[in-house]
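The values are calculated or read from the model by the stated rules, or taken from the named source; none is laboratory data. Source: prediction; values computed, not measured. Counting neighbours? That spans all protein chains shown, and the Cβs are built from the backbone with ideal geometry, glycine included. For the accessible areas, the whole protein counts, side chains as well, though only heavy atoms, and no ligand, DNA or RNA atoms are used. Shrake-Rupley method; radii C 1.70, N 1.55, O 1.52, S 1.80 Å.
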Amino acid sequence: MAGTQINPTRMELTRLKKKLVTAQRGHKLLKDKRDELMRQFLDLVRENKALRKKVEDGIKAANKNFVLAKTSMSDAVTGTALLAPKQEVTLEISQKNIMSVNIPQYNIKTRTSDSNDIYSYGFANTSSDLDDAVKSLSDLLPDMLRLAECEKSCQLMAAEIEKTRRRVNALEHVMIPQTQESIRYITMKLDENERSTQVRLMKVKDMMVKEQIEKSHSN
């Protein structure tokens with residue numbers, strides 16, 4: 001019961017009313033944050049689904065080209081062709097803050113800007129299927145990085161949504177109702193005390209009037 005936990009004073013009533021206003025404002029802000037997180041989370045989930053299909057289809061196509069290349073090239077020739085990469089790729093990782101969630105951002109930089117540097121071999125002794133496989137994997141790399149971004153972002157945002165949901169529920173179903181109950185209890189007690197005080201004052205007034213009347217009669 002609220003009455004066993006608080007002192008029914010006007011100072012406590014004022015403090016609880018301020019606490020209630022703060023809790024209600026915080027509840028609204030957290031609900032808005034949760035709703036916006038959910039909106040952006042669902043957008044990321046849809047993008048993630050589309051990217052995953054695109055990446056998986058691209059990898060299947062590249063694997064098919066590698067299989068075709070191996071049918072016309074020996075393992076030794078294939079291994080030698082891919083032994084020493086000509087291009088060099090550097091991965092840069094940064095962060096972007098979305099509704100207090102730090103989601104990763106991946107960016108790649110190549111050592112050279114020449115698109116032909118993805119081929120680490122000459123074209124005389126290799127199959128065109130190998131060229132297609134290497135090219136398709138190179139073209140697929142940005143989508144693979146974006147897919148990694150989306151999946152990690154979805155994990156982080158899902159965790160933040162769950163944490164925010166628990167805080168919203170705690171305010172909505174525990175803190176705010178308990179504070180409202182305490183305010184009602186203190187208000188009721190203060191009203192009772194005020195009525196009791198008025199009754200005592202009326203009794204004292206009646207006694208004083210009665211005493212005055214008796215004095216006047218005795219005179």
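Quick notes
- Degrees, to the nearest 10: 176-218 long Cα axis against longest axis of the chain: 10
- The listed residues S196, S127 rank as S196, S127 when sorted by accessible area, largest first, using a 1.4 Å probe.
- Accessible heavy-atom area order of M38, M207, highest first, probe of 1.4 Å: M207, M38
- Contact order normalised by residue count of the stretch 97-207, Cα under 8 Å, 6+ apart, percent: 35
- Here the stretch 156-219 is assigned +1 on the Cβ of each Lys and Arg and -1 on the Cβ of each Asp and Glu. Its dipole about the Cα centre then comes out at about 60 debye.
- Largest to smallest accessible area among H27, H173, H217 [probe 1.4 Å]: H217, H173, H27
- Dipole moment magnitude, nearest 20 debye, the stretch 1-89 about Cα centre, only Lys, Arg, Asp, Glu C-beta charged: 740
- Built amide H within the under 5 Å cut-off of Q105, gap 5+: S94, Q95, K96
- Pairs of Cα atoms nearer than 8 Å and 6+ residues apart set the relative contact order; for the stretch 1-115 it is 15 percent.
- Between E194, E162, E47, the residue with the greatest mean-square fluctuation in the GNM of the chain (Cα pairs under 10 Å linked by springs) is E194.
- With every protein chain in place, the stretch 162-219: carbon and sulfur % of accessible area (1.4 Å): 55
- Heavy-atom surface of the chain, accessible at 1.4 Å and reported per residue (Å²): 69
- Helical content of the chain, expressed as a calculated mean residue ellipticity at 222 nm, amounts to -26500 deg cm²/dmol (DSSP H runs of 4 or more residues, -39,500 (n - 2.57) each, divided by residue number, nearest 500).
- Relative contact order %, the chain, counting alpha carbon pairs below 8 Å whose residues are six or more apart: 35
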